[in-house]
Amino acid sequence: MHPESLLPFATAASSAWRRQDKRTKKGLVMLKWKYLMGALVVGAALAGCGGGDGQAPVQTETPAAPAEPPAPPPPAPVKYSGTLSFGDTIALTMDAPAPGKLKLSFVDSAFGLRGTVIGSYARTGSNYSVSGLEADSADPPPANLIGKLAGIGLSFRLGTDGIVGEISGVPNLLGTSTGLLAGDISASTVTIDPPALSSLAGTYNVLVNFGIYDQATGKPQVGPVTSPASMRFDTDGNVQLCTSVDIATCATPQLGKLTLADQTRFPGAYDLVMNGGGYFRGRVFVNPNAGMRFDMNYAEAGVVATGTWTIQPARALVAGELDGTWACSYANRVADGATAVLDGTLARETLTVAGGKITLASRALTLPLLLNKFQDGATLNGLAIATDGDLDAEPGDPAAVPPTFAHIFLKTGADSLGWLNLSPSSIVQGTCRRAS
């Protein structure tokens, strides 16, 4: 990285008149040495007294030491704003408060999280892992969060899709809960100006994901609720939403409105409120290269509804586009009485897509992967689905084999996927990062 310089090494030599003596070779050599020795003595004497016959004295100059190149400037802090999949808004600042450090701020949380923590990051290519989390004295988090910092895991990939990663071991501070949270992270660079509302106009595919929690205990009452959906935004911020149906054929879409959010707390974001009351309200964060995330967060009557929706421009997938190996993760849930609660850990799965099929490493199972399709013959461009049965099987039909599980994918960037893992006993939402 540092340029090298080559310094010329200059030497000076004096010249002297030579006497010609052609009598013998020996005499000539003796005269030469005699004259040269005498010239050096005389030259040294003249140099010492400041005079001479006009000839420059013999000098050897010591070359100057090469100048040290200036140190490269430290990396400037870069701030990212985004969401956690269990339903919180965060900010990440790279190289703050110093190079090699990272700040994680809990900006808005349904689970009682607030304040800022600081850790050190290690980088391998585009992948980062963060360790040594501690409280930021300028914006300290609650004591219950500080006490759990050693158990928090944080890693992500930084690329053209922004930050895509995962977090685990986060304490749930809602009500009397002593549980732990885990989920995925999506964040993009904070810009000076929000995107123009008209620039968001278009048709989108959505992975809806949320839960409804008791504010007193912090435990889920409903959910997780997870479903594919489609949305349409117009240039004035009017919104239409239909679940499990293409918006183009939806007879009665739910209506809503986008308005600019508080740019001090949520730079670049828009508020979204769906009409008719209910829980569908929160903030939309725009990632220029990875669609949008909707942080759904609404509280009333002793409950809080929260989660994150993945919103992507509707674009048909082409054959081979998802080919490769994908490293996937989702927040693990365990039974707590009659409900399934997050336990703060992440479950992992390796998926391989090739030749129109998908292989699940955990099951050693290969299934067809259908592109741009959903059940009942619906077309949802941008979605891919794999299942072990007939999606359109009618209950009680002996000729049909209903599925026991399904995997639904929504491409969210060049190297990232949103992922729904559905079965009769559980519904989980996660993300996949391209491994090869």
- Some residue of the stretch 114-132 being open to solvent by less than 70 Å² (accessible area, probe 1.4 Å), over 23 Å from Leu417 (Cα atoms) and part of a loop (DSSP other than H, G, I, E, B): no
Within the stretch 97-106, of all residues that are within 18 Å of the chain's Cα centre (by Cα) and surrounded by fewer than 17 Cβ atoms within 10 Å (Cβ to Cβ), the one nearest to Ile185 (Cα to Cα) is Gly100
Being farther than 26 Å from Thr264 by Cβ and not in a helix (DSSP H, G or I) narrows Ala182, Ala138, Ala150 down to just Ala182
Log entry, pairs with first residue in the stretch 203-222 being in contact (Cβ under 8 Å) with a residue 12 or more places away in the chain, second being open to solvent by 60 Å² or more (accessible area, probe 1.4 Å), beta carbons closer than 6 Å, six or more apart or on different chains, reads Thr203/Arg232; Tyr204/Pro313; Ile212/Gln221; Ile212/Val222; Asp214/Gln221; Thr217/Thr176
Out of (1) farther than 30 Å from Ile247 by Cα; (2) modelled with pLDDT under 95; (3) open to solvent by 40 Å² or more (accessible area, probe 1.4 Å), the one Arg315 does not meet is (1)
Scanning the stretch 325-377 residue by residue, those basic (Lys, Arg) and under 28 Å from Pro171 (Cα atoms) turn out to be Arg333, Arg348
With criteria (1) more than 23 Å from Ser81 (Cβ to Cβ); (2) open to solvent by 50 Å² or more (accessible area, probe 1.4 Å); (3) modelled with pLDDT under 95, Ile192 comes up short on (1)
Only unsatisfied item for Ala335, checking (1) more than 27 Å from Ala378 (Cβ to Cβ); (2) in contact (Cβ under 8 Å) with a residue 60 or more places away in the chain; (3) assigned to a strand (DSSP E or B); (4) open to solvent by 30 Å² or more (accessible area, probe 1.4 Å), is (2)
Those residues of the stretch 206-241 which are at positive phi and in contact with a helix residue (DSSP H, G or I) (Cβ under 8 Å, 6 or more places away or on another chain) amount to Gly237
Apart from one, (1) β-branched (Val, Ile, Thr); (2) closer than 30 Å to Asp214 by Cα; (3) open to solvent by less than 50 Å² (accessible area, probe 1.4 Å) all hold for Thr325; the odd one out is (2)
Taking the stretch 196-235 and keeping residues of a type in the set (D, E, K, R) and either buried (at least 17 other Cβ atoms within 10 Å of the Cβ) or in a strand (DSSP E or B) (or both) leaves Asp214, Lys219, Arg232
Within the stretch 281-307, the residues that are open to solvent by 40 Å² or more (accessible area, probe 1.4 Å) and assigned to a loop (DSSP other than H, G, I, E, B) are Pro288, Asn289, Ala301
Sole miss for Arg265 among (1) buried (at least 17 other Cβ atoms within 10 Å of the Cβ); (2) touching a residue at least 60 places away in the same chain (Cβ under 8 Å); (3) not polar (S, T, N, Q) is condition (1)
Taking the stretch 338-360 and keeping residues free of Cβ contacts under 8 Å to residues at least 40 places away in the same chain and over 20 Å from the mean Cα position of the chain (by Cα) leaves Ala338, Thr352, Val353, Ala354, Gly355, Gly356, Lys357, Thr359
Counting only residues in the stretch 369-422 that are among the hydroxyl-bearing types (Ser, Thr, Tyr) and farther than 13 Å from Leu322 by Cα, the one surrounded by the fewest Cβ atoms within 10 Å (Cβ to Cβ) is identified as Thr404
Scanning the stretch 102-125 residue by residue, those among the basic types (Lys, Arg) and farther than 20 Å from Gly151 by Cβ turn out to be Arg123
Practice problem: Taking Thr252 as the residue in question, decide whether it is farther than 21 Å from Val225 by Cβ, open to solvent by 40 Å² or more (accessible area, probe 1.4 Å) and out of contact with any helix residue (DSSP H, G or I) (no Cβ under 9 Å at 6 or more places or on another chain). | Solution: no
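The values are calculated or read from the model by the stated rules, or taken from the named source; none is laboratory data. Remember, it's a predicted structure, so these values are computed and weren't measured experimentally. When we count neighbours, we look across all protein chains shown, and the Cβ atoms used for this are built from the backbone with ideal geometry, even at glycine. What goes into the accessible areas is simple: the full protein's heavy atoms, side chains included, and nothing from ligands, DNA or RNA. Shrake-Rupley method; radii C 1.70, N 1.55, O 1.52, S 1.80 Å.
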